[in-house]
Each structure stands twice: as C-alpha cells, then as structure tokens.
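Since the structure comes first, as structure tokens, the remarks are kept for the end.
Here, each number is a calculation from the coordinates, and none is a lab measurement. Remember, it's a predicted structure, so these values are computed and weren't measured experimentally. For neighbour counting, all protein chains shown are included, and Cβ atoms are generated from backbone atoms with ideal geometry for every residue, glycine included.
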Amino acid sequence: MPQPIKCVIMRGGTSKAVILDEDRLPGDPAERTAMILRIFGSPDKRQIDGLGGADPLTSKLAIVSRVRPPHDEADVIYTFGQVEIDRPNIDYHSLCGNISSAVGSYAIQEGWVPSAEPITTVKVYNTNLKRMLRIEVPVRNGAPDEEGDYEVPGVPGTGARILVDFADTAGAATGALLPTGNPADTLDVPGVGRIEVSLVDIGNAHVFVRAADVGLRGTESAAELDADVGLRSRLESIRGYAAYRMGIINDPYVSVAKSPATPILGIVSPSQSYRVALNDKTVGKDEIDLTSRLMFMQQTHKTYAGTSTVCTGVARKIPGTLVHQCAGDSRLDDIAVRIGHPGGVITTEVGLQNGKEQIKVTRATLGRTARRIMQGEVFIP
C-alpha cells in the first residue's frame with residue numbers, strides 16, 4: 001500500500017512549494033531525502049510522477065515544525081529546500097524569501113500562532129541561515145487574509161500584502177554583510193578574465209556583476225539569456241569563483257554539484273526602459289532605480305527572488321558596490337529601492353546604520369502575497 005503523508009501546496013510570491021510537517025518525516029536523513037524526492041518526482045526533467053512543477057521556481061520545499069527548545073523565542077521552525085529536478089539532490093544552503101511569506105500564513109492557518117487582527121507577526125526561525133525572520137501577515141476573521149489589492153509582478157491577480165523582514169539575516173551565510181570587507185572585488189576567472197564584482201550577504205549570499213562587463217544591455221528577457229549557452233557557462237564560472245572567494249565552497253569548479261543555489265548571481269545595470277515579456281507592458285526608466293537580472297539554479301529567474309530583492313536593495317545603499325554605482329546617488333535618501341526585473345518592478349524598504357566597524361542592517365523588507373492552493377495527502381510508493 002502506498003504511504004500517505006499530509007502535505008500542503010502553497011504559492012508564496014512568485015514561487016510554489018510543498019509544505020511538510022517535520023514530525024511526519026523520517027528522522028534518518030537518507031530516508032527523509034528519498035521520501036521527499038519521491039514526493040516531488042525527482043530526478044526527472046518533467047517530475048511527472050510527483051508534485052514538482054519541472055521548474056526551479058515550483059520545485060521548492062518547506063519543512064516546518066512547532067517551536068521547540070532551544071528556539072523558544074520563535075513561533076515556528078522552518079527549513080527551506082531547493083529540490084533539484086533532474087538530479088537526486090536537495091539543496092539546503094539557501095533561503096527562499098517568496099516561500100517564507102507562505103510559511104507565515106501557514107503557521108496561522110494551522111493554529112500554531114494565535115491570530116490577531118489586522119496584522120499578526122509570526123517569528124520564524126530559519127534553520128538554513130540560523131536566523132530569525134519576522135513575517136507580518138494580514139488577518140481577517142481569525143484566518144490569514146488572502147484577498148487584497150497588492151500586486152506582485154509575475155503573479156496573476158492581486159492579494160493581501162505579507163511583509164517579510166530579513167534584517168537579521170545579514171552575514172548569515174558567510175559571517176559578514178560584505179564577506180571580503182570590500183564593497184567591490186576583482187575575480188580572475190578562467191574563460192572570462194578579470195572582472196569586478198560585489199559580494200554581499202543578506203537573505204542569501206549574492207555576487208553582482210555589471211551587465212556591460214558580460215556583454216549585455218541588462219534588459220534582456222529570461223528566454224534571451226537562457227538561449228545563450230556560452231553566456232550561462234561564463235556566468236556559472238563567475239558564480240563558482242565568487243562562492244570560493246566567499247568561503248561557501250573550497251573549489252570554484254564544483255559550484256553546480258556542491259552549491260547550485262548559492263550564491264545567486266545578479267546582473268545589474270542603470271535604470272532603463274524595457275518591455276516585459278510576461279505581459280507585454282513597458283517598464284519606464286523613471287519607474288526604477290536600477291535594472292537587474294538573476295541567474296538562479298543555472299537558469300535566468302523569470303521574475304526576481306525575494307532574498308535577492310532585499311540583498312540588491314541593501315547593496316544599493318552601500319557606497320562602492322556595483323549596485324550603488326549603477327543606481328547612482330539620486331533617491332539615495334529614500335528608504336524604498338525600486339528594482340526593474342524581467343517580470344516588472346519590485347520594491348524593498350532598506351534601513352542601514354553605519355557603525356565604526358561595520359554596517360548594521362535595521363530594515364530589509366519584502367512585500368509578497370501567498371495563497372493556500374491544496375491540502376491533503378500525497379502518496380509515496
């Protein structure tokens with residue numbers, strides 16, 4: 001008889017995840033991995049025999065549990081997993097900001113957190129980064145409110161805005177907001193040459209490059225970038241050397257095998273007008289502070305990752321980073337940073353304090369919407 005396991009499928013922002021209760025999963029790591037891969041239908045490029053959507057943005061996992069010692073200050077414990085599609089592997093190195101918004105809503109829906117109108121703040125301890133997220137969830141009639149007028153580019157329709165604050169995640173992956181202590185560094189990458197980058201760590205570790213330095217305008221669609229196999233190979237080489245420089249891996253040539261999701265690579269350029277392929281609308285130059293594209297899991301992100309939003313926003317506020325250089329000094333005093341991406345415009349609110357020895361992030365927010373799509377049981381052969 002197939003084994004039934006309770007699960008919930010939720011959309012969070014521009015991603016979709018299978019949410020599993022940790023208490024219902026095997027304690028043995030190998031058995032747990034095998035079960036999760038069967039749930040998703042991996043490895044198989046179509047994930048035809050499971051719940052995965054055959055795309056990195058829809059092959060995501062959230063393992064959640066009620067709070068337990070030593071994390072009594074939290075409401076929920078949350079582990080994010082990026083389930084690979086055509087390889088039998090789950091990457092637990094990174095955090096997904098989009099799915100984090102869904103976890104806050106899930107905890108209230110399950111009754112793990114007492115609801116309070118109009119906003120319930122859920123304190124979520126993330127095991128990937130070993131840091132706390134604070135998720136502000138709109139509540140109506142004791143349940144998460146999914147209806148509203150907040151629009152997330154790349155998601156049909158509108159919903160109620162969930163606000164995720166990532167301020168506590170600065171330096172979680174590498175030990176410092178600026179892992180090398182520098183706002184910009186130069187990498188010597190075989191096949192690419194010497195290239196200037198910015199290495200920044202909040203939400204997830206990131207490496208930023210200028211679009212012009214890799215032969216791009218910066219306004220290309222995800223399909224255009226993915227069609228250029230040589231470009232993708234060069235970008236992966238840069239990402240591998242950045243991961244090595246940040247201490248995430250000990251060999252720049254094993255980035256795909258050892259850390260396929262982290263760091264995320266951002267391709268930044270000054271603000272400019274461009275057409276959005278998803279809806280055939282135009283983003284105007286004056287609507288954004290800079291333009292960016294992301295390489296995530298060796299593909300171009302079709303919109304913009306949640307953690308990349310806050311990392312790009314924070315980098316924009318730090319003088320000397322490539323992101324700051326591209327955005328310039330206009331609107332620098334505004335708390336909001338507007339990023340133009342393949343799906344439209346995304347905004348983050350950033351607060352920094354410049355100390356004598358380091359920069360402290362006081363605010364780094366992401367606005368998302370979330371929706372419970374399905375709840376029930378998934379059957380494991």
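Structure summary
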quantity	calculated
Residues whose placed amide H lies under 5 Å from that of T120, excluding near-sequence neighbours	V137, V139
Residues of the range 75-119 with amide N under 17 Å of a point placed 7 Å along Cα→Cβ from D226	83-87
Acute angle (nearest 10 degrees) that the helix 306-316 long axis makes with the longest principal axis of the chain, alpha-carbon atoms	30
For V189, residues with placed amide H under 5 Å, excluding near neighbours	R194, I195
Residue order, fewest to most beta carbons within 10 Å, for S59, S42, S233	S233, S42, S59
Greater than 22 Å apart at Cα, pairs in K123/K302; K281/K302; K16/K281; K123/K258	K123/K302; K16/K281; K123/K258
Proportion of all alpha-carbon pairs of the range 19-121 beyond 24 Å (%)	27
17 Å Cα-Cα reach of K360 towards lysines, excluding residues that sit fewer than 8 places from it in its own chain	K317
Principal-axis tilt of helix 29-40 within the chain, Cα atoms, nearest 10 degrees	90
Least to most buried among C326, C7, C311 (fewest other Cβ within 10 Å first)	C7, C326, C311
Relative counts (whole %) of C-alpha pair distances in the range 185-357, using bins that are 10 Å wide	11, 42, 36, 11, 1
Sequence of M246, M374 once ranked by neighbouring C-beta atoms within 10 Å, starting from the fewest	M374, M246
Cα-derived Rg over Rh, computed across the range 73-200 with Rh taken as Kirkwood radius	1.08
Values of log10 I(q)/I(0), in the order q = 0.15, 0.19, 0.28, 0.32 Å⁻¹, for the range 120-173 under a Debye, Cα-only, solvent-free model	-0.54, -0.76, -1.00, -1.14
Beta bridge orientation in the range 185-357: antiparallel %, DSSP, nearest 5	80
Given (1) 1.13; (2) 0.94; (3) 1.41, the label whose value is Cα Rg over 2.2 N^0.38 Å derived from this model	(2)
Beta bridge orientation in the chain: antiparallel %, DSSP, nearest 5	85
The chain: relative contact order in percent, alpha carbon pairs under 8 Å with at least 6 residues between	18
Segment D49-R363, extension gain: residue separation times 0.36 nm, minus the distance between their alpha carbons	108.9 nm
Three semi-axes of the equivalent ellipsoid, the range 151-203, Cα gyration tensor, whole Å, largest first	32, 18, 7
Where a label projected 7 Å from the Cα of V256 along Cα→Cβ would reach, residues of the range 297-321 with amide N under 17 Å	297-301
Structure-based [θ]222 nm, the chain - -39500 (n - 2.57) summed over DSSP H runs of at least 4, per residue, nearest 500	-5500 deg cm²/dmol
